[in-house]
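Below is one structure, written out as structure tokens, with a few remarks after it.
Where a number appears in this text, it was derived from the coordinates with a stated rule and is not lab data. It should be emphasised that the depicted structure is a prediction, and the values quoted were computed from it without experimental measurement. All Cβ positions, even for glycine, are placed from backbone atoms using ideal geometry, and neighbour counts span all protein chains on display.
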Amino acid sequence: MSFLDKKLPETADAFSKMRDSIFKDSALDRKTKELIAVASSVLMRCEYCTEAHSKRALLNGSSEDEIAETIAVAMFIACGSQIGWTNVYDKIFGQQDDKNNNACCEKDDSCCCGEKK
């Protein structure tokens, strides 16, 4: 964050303090938090963050298999979100009229991600 350090040192300091307050053992251990950060980084498409948090996850006891599964879960969520984030697909293919504007989970008794209501 070199530009923040130079241009906005208070902001850089606040960001560092926030990171330090989050990435410590508490209700969730550091390993779990780093795995969550890996998944979040994949979803945010931040290559730097994905690599950094994967390294930190390893340092905090994660295995490569755990990191691989974490990435796979994030990829599944990204894929599934493209199916259910909008009803425009039904509109495009003429399977829904403009009056029926429900989200995917409101159309029937199950969600696009496989969960039952």
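The base-10 log of I(q)/I(0) for the stretch 1-67, evaluated at q = 0.12, 0.22, 0.27 Å⁻¹, reads -0.35, -0.96, -1.12 [Debye formula, identical scatterers on Cα atoms, solvent excluded]. Fully extending the segment from residue 15 to residue 48, taken as 0.36 nm per residue of separation minus the present Cα-Cα distance, adds 10.2 nm. Descending by average beta-carbon neighbour count within 10 Å, the peptides 26-37, 69-80 line up as 26-37, 69-80, the highest first.
The phi-based Karplus calculation (6.51 cos²θ - 1.76 cosθ + 1.60; θ = phi - 60°) puts the 3J(HN,Hα) values of the stretch 46-61 at 9, 4, 4, 5, 4, 5, 4, 6, 5, 4, 5, 4, 4, 5, 9, x Hz, whole numbers, x for Gly and Pro. Computed extension length for residue 7-residue 40: 9.2 nm, one decimal, from 0.36 nm per residue of separation with the Cα-Cα distance subtracted. Only Cα pairs under 8 Å and 6+ residues apart enter the sum, and on that basis the relative contact order of the stretch 2-84 stands at 25 percent.
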